Amino acid sequence: MGANKISVFVSQYTDPFLKLEFKEKKNKFYIPRFFLKDQVWYSNENKYTFVCSERVGHTFIHFLYTGEYQTLEIDDENMDESKTWMELRVAVQVLLTLSYWRFPKLEELVHSKIESLSKSIYIYDTLLLVDEELENAGLENTKDQEEWLENFLMTSLNVALEDKSVACTDLSIFKKLRHIRLIQFFATKFFKSFVSQVLIKNEDDQNSNVESQDTDYVSAMILTPTTSSSDEFESPAWEGRSCLRFSRE
């Protein structure tokens, strides 16, 4: 009988336990070696130390044992932030750390958790929280996680604009962003939306001219949006137009 056949009868639960520590190094966590066999960073070491917090680390350990998302209980009486706010912060940290720990199922659970928690938090506060975590993460290979967060924020902002929970003329919040990639993402979206509005406005004006003139010739028009003289970051004042809307294109 070949070696592969024999290995079927060797229980994975006989594997030795590995010791894991996280940033605070207050507690030691123990898991069977086979739990980590699919991780790209796994080696034959018996001890691993990670830069993420124990609160984030607990989430990974709990998932390995149960397949569920769970964070340590948060004592909001001793926190400067609300419990929901802190839970959202931890969820974003867990998501970004998944660039290192590869658990697709956990990533799906974290997505759902972030979407659920953000429903009770003002969109601009969520935007600043994500920006802060992106800026402070200091992690590599987070492209996929950042793209998901960007699209999540864009969708949430569109919903907030549609139900008028934020004012479309007040975009000063974007001056507070620090994470370069997030700034570039929204700058690109603003530009594309701006150009789209210009094209629609020009087309409407041209159609209006066609209807009001007997000639078939219509000259090209260039729209110049009216802006405030203030140095505040505001959106163009489009007469008769709805707020700018971000697309996924």
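Every number in this text was worked out from the coordinates using simple rules, so none of it is lab data. Quick caveat: nothing in here was measured; it's all calculated off a predicted structure. Note that each Cβ is placed from the backbone with ideal geometry, even for glycine, and that neighbours are counted across all protein chains shown.
Once you have the Cα-Cα distance between Leu72 and Lys119, take 0.36 nm times their residue separation minus that, and quote the gain in nm to one decimal.
The Leu72-Lys119 span can extend by a further 14.8 nm.
Which one of Ala167, Thr66, Val110 is farthest out on the positive end of the charge dipole of the range 54-202, using unit charges on Cβ (Lys, Arg +1; Asp, Glu -1) and the Cα centre as origin?
So the residue we want is Ala167.
Starting from the Cα-Cα distance between His111 and Glu140, subtract it from 0.36 nm times their residue separation and give me the gain in nm to one decimal.
Length gained between His111 and Glu140: 8.5 nm.
Set the Förster radius R0 to 25 Å, insert the Cβ-Cβ distance between Glu45 and Tyr13 as r into 1/(1 + (r/R0)^6), and round the FRET efficiency to 0.05.
Step by step, r from the Cβ atoms, then E = 0.75.
Which peptide among 155-167, 120-132, 38-50, 89-101 comes first, and what is the full order, when sorted by highest mean count of other Cβ atoms within 10 Å?
Values: 155-167: 14.5, 120-132: 17.5, 38-50: 10.8, 89-101: 22.0.
Descending mean neighbour count gives 89-101, 120-132, 155-167, 38-50.
Show me 186-192, 133-139, 144-150 ranked by packing, highest mean number of other Cβ atoms within 10 Å first.
Taking the mean over residues of other Cβ atoms within 10 Å, the ranking is 144-150, 133-139, 186-192.
Quick one: the Cα spread of the range 54-202 along its three principal axes, in angstroms, biggest first?
On the principal axes, the range 54-202 reaches 59, 34, 24 Å in Cα extent.
Treat each spin label as a single point 7 Å out from the Cα along the C-beta direction, and report the Ala167 to Asp38 distance in nm.
5.0 nm
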